[in-house]
Amino acid sequence: MRVYKKESERLKKVQSIVKSRFSHLGINKKQEITRLLYEISKKESTPPLSIIQDLDLKNFDKIKQCLLKRRYPFAHLNNKNFKVYLPNIKLAYSSALKNPKDIKFYPKRLFIERSASHSNLASRFIKSFRNASVFNIKSLKDYLGNNRNFAIEDYNKRCDTVFITSQIHDLFKRCPCTKNAIGCNYHIFNLSFGCMFECTYCYLQEYTNVPGLIFPANIDRFFKAFNSYKRPGMRIGTGEFSDSLMLDHITEYSLPIVDFFKKYPKITFEFKTKSLNIDNLLKIDHAGNIVVAWSMNPQKIIDENEFFTPSLSKRILGAKQCAEAGYKVSIHFDPVIYFNGWQKGYKKVIELLFNAIKPKHIAWISIGTLRFNPNVKKTIEMRFPGNKILDQELVIGFDNKLRYPYPIRHQVYDFMLKTLSKHSGKMPIYLCMEETSMWRGFKDYLKLP
Ligand code: SF4
């Protein structure tokens, strides 16, 4: 695997330089210098030795300042007290995802909880994946009790294993949003866990501790429990811990969900997807309160970061077909990724979108720039050593997540909101997981659904 080899050689070179030139430093300082040299060398495609050639290697504080300034020029210019995350770097061949562009989904093992063994969902999985071995287990909890160790290598192989379960707990919850941000009053219908797509930025790669994808067979239990959870006018949706429609041709979750929400015309249910798996939706009647959402990005970002997902034009086609079938659609520009040429890239997405879909068919649009918990950075690095998203300036933000510096985020929202306003009319547009001051700055453009 060429990319892994290239990055691991770069890291070895950096480590050898730090060992020979910075032997006087303690372990933590060496770690910080190693990370900064590695990241600068990767971002600028520069040999690591050339980065330190004019520096006074005796003075750690000065070297660190120089390297921070070079690694984070924009953050440095705007706020001298910016905080960064400089953990130890580890690259391992076994953790790197091999050929993410050639993924196919065909699980090798189906583990079915005893209580779900006679379910239609279990039969549909068995029928769809006839070569998979089928195992009956007492429960997922019991299975995990005997198989506790879970590493990045297991996450890479998660699509080999499917668990069909009966879910009892955590059926719904309020979206926790993020610390110190303005929320959008969303609720999560917690149906299925794990995703077959491979987005470089996905938080699930660090959050997951189950070696497979989980699909509950007892959707009726959700419906029963919903009667005591529901609130008038609420927005609720699947797609928080998975992609709502990626396997809908097998799970067929959309059929009972759309039917169930006919009883609650004042509640809006959202399917969130990057897939084009909408055949079930197109063949059924609905009550007008179902929203089908697509996450959109320029094709360059999809090619580099959203492996195994449909192209931008297919996503727009899916949204158009749903709109023609009377569904409302919603669009999530999330995560917006900052790259060379981002304005042109996102402008084109917005134009393609509004060329295909009339504003009256769009229920809402959300915008959120790239962010994740600091630990995700190490996982991205190990799984996607050649990724470009980490080359940008990601600093510790208001919620302790890694984010672009405030002025970059401001610039992105300003551009997106002004470009959208040329097409969008008065539709609700909101920022996802953003701080109050950012909202205040754009109050004339923003509206919660
Ligand atoms: S589609 Fe969503 S859930 Fe799936 S890998 Fe991408 S970001 Fe994660």
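The values are calculated or read from the model by the stated rules, or taken from the named source; none is laboratory data. Since we're looking at a predicted model, the values are computed, not measured. With ideal geometry, Cβ positions are generated from the backbone for all residues, glycine too; neighbour counts draw on all protein chains shown. All accessible areas refer to the heavy atoms of the entire protein, side chains included, with ligands and DNA or RNA removed. Shrake-Rupley method; radii C 1.70, N 1.55, O 1.52, S 1.80 Å.
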Does the range 159-183 hold any residues that are open to solvent by less than 50 Å² (accessible area, probe 1.4 Å), out of contact with any Lys or Arg (no Cβ under 8 Å at 6 or more places or on another chain) and not in a strand (DSSP E or B), and which are they? Cys159, Cys175, Cys177, Gly183
Residue match in the range 45-67 (condition: at pLDDT 95 or above, under 28 Å from the mean Cα position of the chain (by Cα) and open to solvent by 30 Å² or more (accessible area, probe 1.4 Å)): yes
Restricting attention to the range 212-229, which residues are out of contact with any strand residue (DSSP E or B) (no Cβ under 6 Å at 6 or more places or on another chain), modelled with pLDDT of 95 or more and not hydrophobic (A, V, I, L, M, F, W, C)? Asn218, Asp220, Arg221, Lys224
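Matching residues to (1) over 20 Å from the mean Cα position of the chain (by Cα); (2) within 14 Å of the ligand (Cβ to nearest atom); (3) surrounded by fewer than 17 Cβ atoms within 10 Å (Cβ to Cβ):
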| residue | (1), (2), (3) |
| --- | --- |
| Tyr327 | yes, no, no |
| Tyr346 | no, no, no |
| Pro359 | yes, no, yes |
| Ile362 | yes, no, no |
| Arg371 | no, yes, no |
What's the total number of residues in the range 73-87 that are surrounded by 14 or more Cβ atoms within 10 Å (Cβ to Cβ) and either of a type in the set (A, V, I, L, M) or touching a Leu at 6+ places or on another chain (Cβ under 9 Å) (or both)? 6
Yes or no: Ala92 within 25 Å of the chain's Cα centre (by Cα) and in a helix (DSSP H, G or I)? no
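When only residues in the range 417-440 that are in a helix (DSSP H, G or I) and touching a Lys or Arg at 6+ places or on another chain (Cβ under 9 Å) count, which is surrounded by the most Cβ atoms within 10 Å (Cβ to Cβ)? Break it down stepwise before answering.
We begin by selecting, within the range 417-440, every residue in a helix (DSSP H, G or I); these are 417-424, 436-440.
Keeping just the survivors that are touching a Lys or Arg at 6+ places or on another chain (Cβ under 9 Å) gives 419, 438.
On the way: Thr419: 16, Met438: 18.
My answer is Met438.
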What is the number of the single condition among (1) of a type in the set (Phe, Trp, Tyr); (2) open to solvent by 30 Å² or more (accessible area, probe 1.4 Å); (3) not assigned by TED's automatic domain parsing to the domain that holds Lys283 that Tyr338 does not meet? (3)
Please note which helices (runs of 4 or more DSSP H) are completely contained in the range 296-388 and include at least 3 residues that are touching a His at 6+ places or on another chain (Cβ under 9 Å) and at negative phi. 312-324, 342-356
Please enumerate the residues belonging to the range 228-248 that are away from the ligand (no atom under 16 Å from the Cβ), free of Cβ contacts under 8 Å to residues at least 60 places away in the same chain and either touching a helix residue (DSSP H, G or I) at 6+ places or on another chain (Cβ under 9 Å) or among the basic types (Lys, Arg) (or both). Lys230, Arg231
Scanning the range 184-210 residue by residue, those more than 16 Å from the ligand (Cβ to nearest atom) and modelled with pLDDT of 95 or more turn out to be His187
Scan the range 213-255 for residues that are surrounded by fewer than 23 Cβ atoms within 10 Å (Cβ to Cβ), acidic (Asp, Glu) and not in a helix (DSSP H, G or I) and jot them down. Glu240, Glu252
Pull up the range 267-313, narrow it to residues that are of a type in the set (Lys, Arg) and closer than 20 Å to Trp364 by Cα, then point me to the one that is most open to solvent (accessible area, probe 1.4 Å). Lys272
